[in-house]
1. So what does the Cα-only Debye profile of segment 177-242 read at q = 0.15, 0.19, 0.20, 0.23 Å⁻¹, as log10 I(q)/I(0), no solvent term?
2. Sort H189, H254 by accessible area with a 1.4 Å probe, largest first.
3. More than 14 Å apart: what percent of Cα pairs in segment 40-93 qualify?
4. Using a 1.4 angstrom probe and counting only protein chains, how large is the accessible area of W100 in Å², to 10?
5. Keeping all protein chains in place and using 1.4 angstrom, which order do I34, I222 fall into by accessible surface area, from largest down?
6. Which percent of the accessible heavy-atom area of segment 7-53 goes to carbon and sulfur, probe 1.4 angstrom?
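The values are calculated or read from the model by the stated rules, or taken from the named source; none is laboratory data. The shown structure was predicted, so the numbers you read here are calculated from the model rather than taken from an experiment. These accessible areas exclude ligands, DNA and RNA; they are computed on the full protein's heavy atoms, side chains included. Shrake-Rupley method; radii C 1.70, N 1.55, O 1.52, S 1.80 Å.
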Amino acid sequence: MSAATTRSRTPDRLCAEAVDLARAAAEEAAAPGIVGEHVGTVSEGDRVVTHFFECRELGYRGWRWAVTVARASRAKIVTVDEAALLPGPDAVLAPEWVPWSERLRPGDMGPGDLLPTDAEDLRLEPGWSGEDEPPPNSVVSDEMAALAEAEDADVTAGPLAVPARGSIAAVAEELGVRRARVLSRFGLHIAADRWEEAFGAKTPMAQAAPAACVSCGFLARIGGSLGQAFGVCANEFSPADGRVVSLAYGCGGHSEAAVMPRPPQPPSPVIDETRVDPFPLRPVPDSGSVAATADEDTEELGHS
């Protein structure tokens, strides 16, 4: 270790003793009552020392006022270099700045918001746009150029016709890959991982489900390679309604988990319409339990 390095780590005596000078400089830079107790010194080099004072400003917990003082070689007068408010080891700091593309979370976009994609986005790859092989009716195709040369005609650019059925362009358009960019294998994998984490076999709902979505009647199949492992839930009472779910996912709303039995139906009433039961308006005289006999006493009183 050199002598210069040793001297730089040893605080200069006169600079270390200039606490009042450093405090006056800190109070001049700050408001009255903000500068607190002296908390230490650090040697910055030969005859250069930084004094630290506690900061009492609200909202600056752990920050310190740092005043650097120095003196010239062979001089006994200490002067102030600078004063600043610096964070200490336990200071409350703002989080590290993160680009907006990394801060964005699902659901943050609102109406009118635009989300541009990077030209080198790994989730996308170039689609088949037809530029490598122009359609036969294109003005830049070999067939059109040969025909124009044979007929001695001028070919002008115009609206292109629909690709012939069975051609490469028609097949690409039917498969949905005749776009500028399509999902790459990496984009498919991260989407599958995201959906599997949200509505997959390892979720608590799927662990307690009576059966998996692969056998549920409310599962709507999707096309493409993702259709081999995912589908769309169409059960309005399920927590995954309208979401892409794994075929291994499940919930209590499975169509075959608990089929409710039909309520018992009462038998239909039996009515015999072929028989007529007579109901007399007056009772038959001999229908009672006591025979009808004439009483002389009641006849005299006018009773029958």
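1. -0.55, -0.82, -0.89, -1.10
2. Ranked from most to least accessible, the order is H189, H254.
3. The proportion of pairs with Cα distances above 14 Å equals 55 percent.
4. About 130 Å², ignoring ligands and nucleic acids.
5. I222, I34
6. 48
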